[in-house]
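Peer 1: Let me begin by handing over the structure; questions about it come next.
The values are calculated or read from the model by the stated rules, or taken from the named source; none is laboratory data. Keep in mind the model is a prediction, meaning the values are calculated, not measured. Backbone-built Cβ (ideal geometry, glycine too); neighbour counts: all protein chains shown. With ligands, DNA and RNA removed, areas are computed over all heavy atoms of the protein, side chains included. Shrake-Rupley method; radii C 1.70, N 1.55, O 1.52, S 1.80 Å.
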Amino acid sequence: MNAALRAEWTKLRTQTSTTWLLLGALAATVGIGALAGAATHESGIVSGGDATRLSLAGIYVGQLVIAALAVTAIAEEYTTGMIRVTFSAQPRRLSVLVAKAVNLSALTAIAGLAAVAGCLLIGRLMFPADGLDPAHGYALVSLGSGGLRAAAGSVIYLILIALLALAIAGVMRDVGVSIGTVVGLLYVPPLLAQIVGGTLGEEIKRFAPMTAGLAIQHTTNVRTMPIQPWPGLAVLAGWTLAALLLAALLLKRRDA
């Protein structure tokens, strides 16, 4: 297992795309969070809300970059045929999948911590100047009153998205198809929920991976949400575990 971990770490860290994708995820997450606060102020919507969640809005975009990193970590090897070399050097295929997952999780955790810290810092410093302050019904961005749970949960959310994307790529074996599948799985259900509305729309939000997982970011009006924060994150974890089990099963049964 140690050999597999070292080999997969070497491959992951030496890919040029890894650094750029991690930097892109960091920039997108922090940048979109800052823009969300500015746009909320400029549009005059300052009647009250969840400033901590708003500061973390960049996760909606940053997760796509993390997913792209996860997809390329395995699907690109199938595209180039390098996967045959990998399995020749490490015949225990499940060890390869586990090693990829561990290394990917570690990198995502580091990038996620930096991104979330940057989002909260910008929210704390910039939002009051934009009118998102207690005078307008917005509590200051902090780690209190659910802020720590939202911050830690957002990092866990990104790790789960990375593992979900890795598993999907292991099943699909194609970069483009895998990314398309991830995008559809994350973003189509919320749109569908908005279209159908009512009780059915709420049920979709409760069990869709993105809307359920991002419930962890809410720090206000938690009781009115379709699903509570930690159960929502558990739903995403269930999606991820199911995808990983399917990827592991197919990895053992299919030819490279």
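Peer 1: Go through region 18-26 residue by residue and turn each phi into a ³J(HN,Hα) via Karplus (6.51, -1.76, 1.60, θ = phi - 60°); whole Hz please, and just put x for glycine and proline.
Peer 2: In residue order, the calculated couplings are 4, 4, 5, 5, 5, 5, x, 5, 5 Hz.
Peer 1: How far is helix 59-80 tilted, in degrees, relative to the longest principal axis of the Cα atoms in the chain, given as a value from 0 to 90 rounded to the nearest 10?
Peer 2: 10
Peer 1: Who wins for biggest fluctuation among TRP239, TRP230, TRP20 in a Gaussian network model of the chain, springs between alpha carbons below 10 Å?
Peer 2: Its mean-square fluctuation being the largest, the pick is TRP20.
Peer 1: Okay, next question. Can you compute the FRET efficiency between ALA38 and TYR187 using 1/(1 + (r/R0)^6), with r the Cβ-Cβ distance and R0 = 25 Å? Round to the nearest 0.05.
Peer 2: Values: r = 23 Å, r/R0 = 0.94.
Efficiency, rounded to the nearest 0.05: 0.60.
Peer 1: Just to be sure I understand: with springs between alpha-carbon atoms less than 10 Å apart, which residue in ALA212, ALA70, ALA135 has the highest mean-square fluctuation in the Gaussian network model of the chain?
Peer 2: ALA135
Peer 1: On to the next question. Taking springs between alpha-carbon atoms closer than 10 angstrom, which of GLY180, GLY118, GLY49 fluctuates most in the Gaussian network model of the chain?
Peer 2: Of the options given, GLY180 has the highest mean-square fluctuation.
Peer 1: Could you give me the ³J(HN,Hα) list for region 102-113, computed from phi with Karplus coefficients 6.51, -1.76, 1.60 and θ = phi - 60°, whole Hz, x at Gly and Pro?
Peer 2: Along region 102-113, the couplings run 5, 5, 5, 4, 5, 5, 5, 4, 5, 5, x, 4 Hz.
Peer 1: OK, next. Can you grab the distance from the C-alpha centre of region 106-136 to the C-alpha centre of region 216-255, Å, no decimals?
Peer 2: When both Cα centres are located, 25 Å separates them.
Peer 1: Projected onto the charge dipole of region 62-132 (+1 at Lys/Arg Cβ, -1 at Asp/Glu Cβ, origin at the Cα centre), which of LEU113, THR72, MET126 gives the Cα projection farthest towards the positive end?
Peer 2: Looking along the dipole axis, the top candidate is THR72.
Peer 1: Moving on. Sum -39500 (n - 2.57) across every DSSP H segment of at least 4 residues in the chain, then divide by the residue count to get the 222 nm mean residue ellipticity, nearest 500. Present the calculation step by step, with values, prior to reporting the outcome.
Peer 2: Values: 11 runs with 197 residues, N = 256.
Taken over the chain, the calculation gives -26000 deg cm²/dmol.
Peer 1: Continuing with this model, one more query. Compute, for ILE32, the solvent-accessible surface of its heavy atoms (probe 1.4 Å) with the complete set of protein chains present, and express it in square angstrom to the nearest 10.
Peer 2: We get 60 Å² for ILE32.
Peer 1: Percent of accessible area on region 1-85 owned by carbon and sulfur, 1.4 Å probe?
Peer 2: Of the solvent-accessible surface of region 1-85, carbon and sulfur hold 66 percent.
Peer 1: Can you tell which of ALA150, LEU140, THR10 lies farthest toward the positive end of the dipole of the chain, using +1 and -1 charges on the Cβ of basic and acidic side chains (Lys, Arg; Asp, Glu)?
Peer 2: THR10
Peer 1: Across region 202-208, in residue order, what do the Karplus-derived ³J(HN,Hα) couplings come to in whole Hz, using 6.51 cos²θ - 1.76 cosθ + 1.60 with θ = phi - 60° and x for Gly and Pro?
Peer 2: 5, 5, 4, 4, 5, 10, 6
Peer 1: So, one more: For helix 175-196, what angle does its Cα long axis make with the longest principal axis of the chain, in degrees from 0 to 90 and rounded to 10?
Peer 2: Relative to the chain, helix 175-196 is tipped by roughly 30 degrees.
Peer 1: Quick query: amide H of GLY58 versus all other amide H atoms, modeled in the peptide plane; which residues come in under 5 Å with a sequence gap of 5 or more or a different chain?
Peer 2: The list, which skips near neighbours in sequence, is GLY33.
Peer 1: For the charge dipole of the chain, defined by +1 on Lys and Arg C-beta atoms and -1 on Asp and Glu C-beta atoms about the Cα centroid, which residue among MET172, THR199, LEU21 has the Cα displaced farthest towards the positive pole?
Peer 2: Highest projection toward the positive end goes to MET172.
Peer 1: Next up: For the chain, what does the relative contact order come out to in percent, with C-alpha contacts under 8 Å and a separation of six or more?
Peer 2: Dividing the mean separation by the residue count of the chain yields 24 percent.
Peer 1: How big is the dipole moment of the chain about its Cα centre under a simple scheme where the beta carbon of each Lys and Arg is +1, that of each Asp and Glu is -1, and everything else is neutral? Debye, nearest 20, please.
Peer 2: Charge dipole, the chain, about its Cα centre: 960 debye, nearest 20.
Peer 1: If you count only protein heavy atoms and use a 1.4 Å probe, how large is the accessible surface of SER95, to the nearest 10 Å²?
Peer 2: It works out to around 20 Å².
Peer 1: Taking a spot 7 Å from the Cα of TRP230 along the direction of its beta carbon, which residues of region 137-153 have an amide N less than 13 Å from it?
Peer 2: Residues passing the 13 Å test: 149-150, 153.
Peer 1: Let me ask you something else. Net charge near ALA150, counting Lys/Arg +1 and Asp/Glu -1 over other residues with Cβ under 11 Å of its Cβ?
Peer 2: Working: positive: ARG53, ARG149; negative: ASP50.
Summing Lys/Arg as +1 and Asp/Glu as -1 gives +1.
Peer 1: For the full complex of protein chains and a 1.4 angstrom probe, list LYS11, LYS100 by accessible area with the highest value first.
Peer 2: LYS11, LYS100
Peer 1: Please compute the per residue accessible area over region 1-156 with all protein chains in place, 1.4 Å probe, rounded to a whole number of Å².
Peer 2: Values: 7090 Å² over 156 residues.
Dividing the accessible area of region 1-156 by its residue count gives 45 Å².
Peer 1: Still on this structure: Using Cα pairs under 8 angstrom and six or more residues apart, how large is the relative contact order of region 149-256, in percent?
Peer 2: 33
Peer 1: Taking amide H positions as placed in the peptide plane 1.01 Å from N, state which residues far from TYR138 in sequence (5 or more) or on other chains have amide H under 5 Å from it.
Peer 2: Distant-sequence amide H within range of TYR138: GLY49, ASP133.
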